[in-house]
1. Between the helical axis of 48-69 and the dominant principal axis of the chain, each derived from Cα atoms, what acute angle in degrees is found, rounded to the nearest 10?
2. Which residue, ALA31, GLY203, MET149, has the largest displacement toward the positive end of the dipole of the chain when charges sit on each Cβ (Lys, Arg +1; Asp, Glu -1)?
3. Only one of the listed values, (1) 61, 39, 32; (2) 66, 37, 37; (3) 69, 55, 31, was derived from the coordinates as Cα extents along the principal axes in Å; which label is it?
4. Please build a GNM for the chain, connecting alpha carbons under 10 Å apart, and tell me which residue among ARG58, ARG113, ARG189 fluctuates the most.
5. Rounded to the nearest percent, how much of the accessible area of the stretch 39-193 (1.4 Å probe, protein heavy atoms only) is carbon and sulfur?
6. What angle, in degrees between 0 and 90 and rounded to the nearest 10, separates the Cα long axis of helix 184-202 from the longest principal axis of the Cα atoms of the chain?
7. Using helices alone, I'd like the mean residue ellipticity at 222 nm for the chain: each DSSP H run of four-plus residues gives -39500 (n - 2.57), total over residue count, nearest 500.
8. Mean projection of the alpha-carbon convex hull of the stretch 134-207 over all orientations, in nm²?
Amino acid sequence: MELSTKERILQEALKLFSQNGYMATSMNDIAKKLDVSKAALYKHYTSKQEIFDSILERMEQMDRDRAAQYQMPEGTFTKMAKEYNSAPLEKIILFSEVQFRHWTEEEFSCEFRKMLTLEQFRSPEMGALYQKYLGEGPINYMTELFEEMLKDDENSNQNPKQVALDFYGPIYLLISMYDGAEEKEELVRLLKEHINRFARQQGFVEG
């Protein structure tokens, strides 16, 4: 299906942001890439900031769509913890693989990740977004989730944040390795193996 002009602008702009950085890319660069005039570009987006805001909106929508498609646990942390504690290991591995492929294989989100990686040291806003999506944000989310999941284990005195780091650290590393890896599916295999081992070690599943 042929993309609308507005959608083409959004996608091509993100490609430029991921290659050259957001700060170094101008509206003129975007117009040149699309082979349109700046006047034509401004008919769809009034500024580079508006393009960026639309990219953020798309990322949020992709998160909602992915959660719905794969029936990922949602709601309060108490509710999610119960669902994860009762979910089959295969489903937990699937959730993790879906998230991993989202950041490494889906073109839009992959380019978004690259843009944030480039810009995180140049702009406080970009640095905060990098942390929200790939650093502190996932750790804080998982800390609250594991805190709830560990409540049922009376013998556990583990620090939920340390458990979150043990879980997410290898995933973050595998995401960071992905772009330069020759055997990309090997990283996916390692991801699944990590989730399997972690879940069993923590007693979240039997065996």
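1. 30
2. Positive-end residue among those listed: ALA31.
3. Computed from the coordinates, Cα extents along the principal axes in Å corresponds to (2).
4. In the Gaussian network model the winner is ARG189.
5. 51
6. That helix lies at roughly 30 degrees to the long axis.
7. My calculation for the chain gives -24000 deg cm²/dmol from helical runs alone.
8. Hull-based average projected area comes out at 5.3 nm².
The values are calculated or read from the model by the stated rules, or taken from the named source; none is laboratory data. Note that the structure is predicted; figures quoted are calculated from it, not measured. Cβ coordinates were reconstructed from backbone atoms using ideal geometry, including for glycine residues, and neighbour counts include every protein chain displayed. All accessible areas refer to the heavy atoms of the entire protein, side chains included, with ligands and DNA or RNA removed. Shrake-Rupley method; radii C 1.70, N 1.55, O 1.52, S 1.80 Å.
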